[in-house]
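Undergrad: Below: one structure in structure tokens.
The values are calculated or read from the model by the stated rules, or taken from the named source; none is laboratory data. Just so it is clear, the structure is predicted and the values come from calculations on it, not from any experiment. A quick note on method: Cβ atoms are made from the backbone with ideal geometry, for glycine too, and the neighbour counts reach across all protein chains shown.
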Amino acid sequence: MAGYMGDKSNMVVHHLEMMSTDCKIHDVEKANMHYFVPDMLDQARKENFVPCKYCNETKT
Ligand SMILES: [Zn+2]
């Protein structure tokens, strides 16, 4: 199972294990879902996704 899922409509990446209702993941259309290889936040960042503030720990 994937750990991270990107929403291409707003370029936000969600951490699925930590997701909250504020993420509105159920509103993400399948066409906008994006998964990462490798399945890591660093990879999401490389693809210009921004970590969701609700489900990702803040890292600087
Ligand atoms: Zn989220």
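Undergrad: Can you tell me which residue within segment 1-18, out of those that are of a type in the set (D, E, K, R) and modelled with pLDDT of 95 or more, is surrounded by the most Cβ atoms within 10 Å (Cβ to Cβ)?
TA: For segment 1-18, the residue satisfying everything is Asp7.
Undergrad: Restricting to segment 9-34, count the residues that are part of a loop (DSSP other than H, G, I, E, B) and farther than 15 Å from Pro51 by Cβ.
TA: Within segment 9-34, residues that are part of a loop (DSSP other than H, G, I, E, B) and farther than 15 Å from Pro51 by Cβ number 4.
Undergrad: Looking at Val28, Val12, Val37 in this structure, which one is in contact with a Pro (Cβ under 9 Å, 6 or more places away or on another chain) and either more than 14 Å from Glu57 (Cβ to Cβ) or polar (S, T, N, Q) (or both)?
TA: It is Val12.
This table checks each residue for (1) under 10 Å from the mean Cα position of the chain (by Cα); (2) of a type in the set (D, E, K, R).
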{"residue": "Met5", "(1), (2)": "yes, no"}
{"residue": "Val12", "(1), (2)": "yes, no"}
{"residue": "Leu16", "(1), (2)": "yes, no"}
{"residue": "Gln43", "(1), (2)": "no, no"}
{"residue": "Glu47", "(1), (2)": "no, yes"}
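Undergrad: Looking for something at pLDDT 95 or above, loosely packed, with under 12 Cβ neighbours inside 10 Å, more than 15 Å from Ala2 (Cα to Cα) and of a type in the set (S, T, N, Q) - is there at least one such residue anywhere in segment 26-43?
TA: No, because not a single residue in segment 26-43 is at pLDDT 95 or above, loosely packed, with under 12 Cβ neighbours inside 10 Å, more than 15 Å from Ala2 (Cα to Cα) and of a type in the set (S, T, N, Q).
Undergrad: Also: Looking for something basic (Lys, Arg) and more than 11 Å from the ligand (Cβ to nearest atom) - is there at least one such residue anywhere in segment 33-49?
TA: yes
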